[in-house]
1. For the range 265-280, enumerate the residues that are within 17 Å of residue 80 (Cα to Cα) and surrounded by 13 or more Cβ atoms within 10 Å (Cβ to Cβ).
2. Considering each of 128, 118, 111, 64 in turn, give the residue that is under 15 Å from the mean Cα position of the chain (by Cα) and buried (at least 19 other Cβ atoms within 10 Å of the Cβ).
3. Kindly indicate the residue of the range 301-319 that is small (Gly, Ala, Ser) and exposed (fewer than 11 other Cβ atoms within 10 Å of the Cβ) and also farthest from residue 348 (Cα to Cα) among those meeting that condition.
4. Can you pull out the residues in the range 320-348 that are surrounded by 14 or more Cβ atoms within 10 Å (Cβ to Cβ) and under 14 Å from residue 305 (Cα atoms)?
5. Report yes if some residue within the range 377-391 is assigned to a helix (DSSP H, G or I) and surrounded by 11 or more Cβ atoms within 10 Å (Cβ to Cβ); otherwise report no.
6. What is the one condition in (1) over 30 Å from residue 266 (Cβ atoms); (2) at pLDDT 85 or above that residue 39 does not satisfy?
7. Taking the criterion of being touching a Pro at 6+ places or on another chain (Cβ under 8 Å) and either modelled with pLDDT of 95 or more or small (Gly, Ala, Ser) (or both), would at least one residue in the range 43-57 satisfy it?
8. Within the range 360-372, identify whether any single residue is over 25 Å from the mean Cα position of the chain (by Cα), closer than 30 Å to residue 322 by Cα and surrounded by fewer than 13 Cβ atoms within 10 Å (Cβ to Cβ), and answer yes or no.
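The values are calculated or read from the model by the stated rules, or taken from the named source; none is laboratory data. Quick caveat: nothing in here was measured; it's all calculated off a predicted structure. Neighbour counts are summed over all protein chains in view; Cβ atoms, including those assigned to glycine, are modelled from backbone coordinates with ideal geometry.
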Amino acid sequence: MSIFQRIETPIRPPRSHDFVPGLNAPSALRATQSAKLSALHARLALPSKLPIQTLARCLIDRSVDPRPDYNNSSLAILGSDILGYYTTEHLLCHYPRLPMPVLFAAQYAYVGPATLAVMRQEWGVEVVAAPGQEVDPGLLQLKRVTPGNALSEDGMTRVKDMPTLRRLGSGRRNEAWNYRRGVSSRVVYDDQFGDLQTDQTQDPDAPPFAGAPLTSNLSDAVSESIPTPPQPSTQSTEASTVESASATFIRALTGALHLHAGPAATKAFHNAHVLSRHLALHTLFAFTHPTRDLSRLCSRENFEPPVARLISETGRLSRSPVFVVGVFSGEDKLGEGAGGSLNEARVRAAAAALRSWYLYSPSPEEVVLPSEVEGEAGKTKRWKPQMVDVGEIIT
């Protein structure tokens, strides 16, 4: 057979043994025949070490297949930690004075569910209308949430009409969502974005999934090493939203890339698809009392007390005056702001001074990320201690 005859040979249609009764997702045997998967693999410039079958598994949400060996839940856990680690070290090393609320907001803007859902659309990954074995493995497989207004447990009130309802399973000692929820508790109990976690169990000995064994002996391990064909699961699954499934897919792909290709490929993938996005950090600040915070900051750093001075003005007696006020500490100007009144300009100048303090960044030559000196990369680059700030101003 010549090479031209091989190219013109049609793709083998799915056979009967490719379908497993009771499964709600396409079999892994069809992954190598999917043109969508091959195109996605080439479009993202994924390394050849990442097999097509693993890429197909990243597209199967747990709402379709509850078995952890076949869905992307386990890979998504690893990928979520990796995305959070690389993003956090980049923010903290380049902006060591960022307050925790701003750090949470910046991390959500980089690797939050909304951003990852947009990333999935930019990659050209389509969402399946309804899951099944007959669909292309290159589509994102999920069981969609039934549209409509969800009701609370009593069946009489809509959840969206009761914002004060308790959110169970947050992982906190007191499950009330507004109980001692400050910055410190958000760091300890909440997720990497500072948001309340859901579906968290209070039992530390609970298995990772339903029916998972906690211990096993050697004979069981040998018997489990023998491959067995996948069996259909009768366990009911909860529906998922497109945004949640898209975020899980991106995280699972990151975890799979780390396992198959190593940290270097994962970091390059993170730089190309996450850190390449522009984020205006100065828009994430929201000061309640900027003048008081600036006074506390100058007192803590042994600066001279801040003084507001009028720099210029126009139209004082008109209907739309403009005042330009600067905040000075001695002879140094800390910030400048413009407003329709003297007080507004003074507050904006104090806020600008605080933003310039918190957005301080060391020189690029002094910034060395911890991940850049791990493993083989540590042989070519030397570690430099990074700046650790004393903390934000709390008033």
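1. 265, 266, 267, 268, 269, 270, 273, 274, 275
2. Working: 128 fails: under 15 Å from the mean Cα position of the chain (by Cα); 118 fails: buried (at least 19 other Cβ atoms within 10 Å of the Cβ); 64 fails: under 15 Å from the mean Cα position of the chain (by Cα).
Every option except 111 fails the conditions.
3. The first filter runs over the range 301-319 and keeps only residues small (Gly, Ala, Ser), leaving 308, 312, 315, 318.
Those left that are additionally exposed (fewer than 11 other Cβ atoms within 10 Å of the Cβ): 312, 318.
On the way: 312: 15, 318: 21 Å.
Looking at residues that are small (Gly, Ala, Ser) and exposed (fewer than 11 other Cβ atoms within 10 Å of the Cβ), I get 318.
4. Within the range 320-348, the subset surrounded by 14 or more Cβ atoms within 10 Å (Cβ to Cβ) is 321-329, 333-339, 342, 344-348.
Residues satisfying the conditions are 326, 327, 328, 329, 333, 334, 335.
5. The initial filter retains those residues of the range 377-391 that are assigned to a helix (DSSP H, G or I), namely 377-379.
Filter again for surrounded by 11 or more Cβ atoms within 10 Å (Cβ to Cβ), leaving 377-378.
Looking through the range 377-391, at least one residue is assigned to a helix (DSSP H, G or I) and surrounded by 11 or more Cβ atoms within 10 Å (Cβ to Cβ).
6. If we test residue 39 against (1) over 30 Å from residue 266 (Cβ atoms); (2) at pLDDT 85 or above, just (1) comes out false.
7. Taking the range 43-57 and keeping what is touching a Pro at 6+ places or on another chain (Cβ under 8 Å), we get 56.
So of that shortlist, the ones also either modelled with pLDDT of 95 or more or small (Gly, Ala, Ser) (or both) come out as 56.
Within the range 43-57 (the criterion being touching a Pro at 6+ places or on another chain (Cβ under 8 Å) and either modelled with pLDDT of 95 or more or small (Gly, Ala, Ser) (or both)), the answer is yes, since at least one residue qualifies.
8. no
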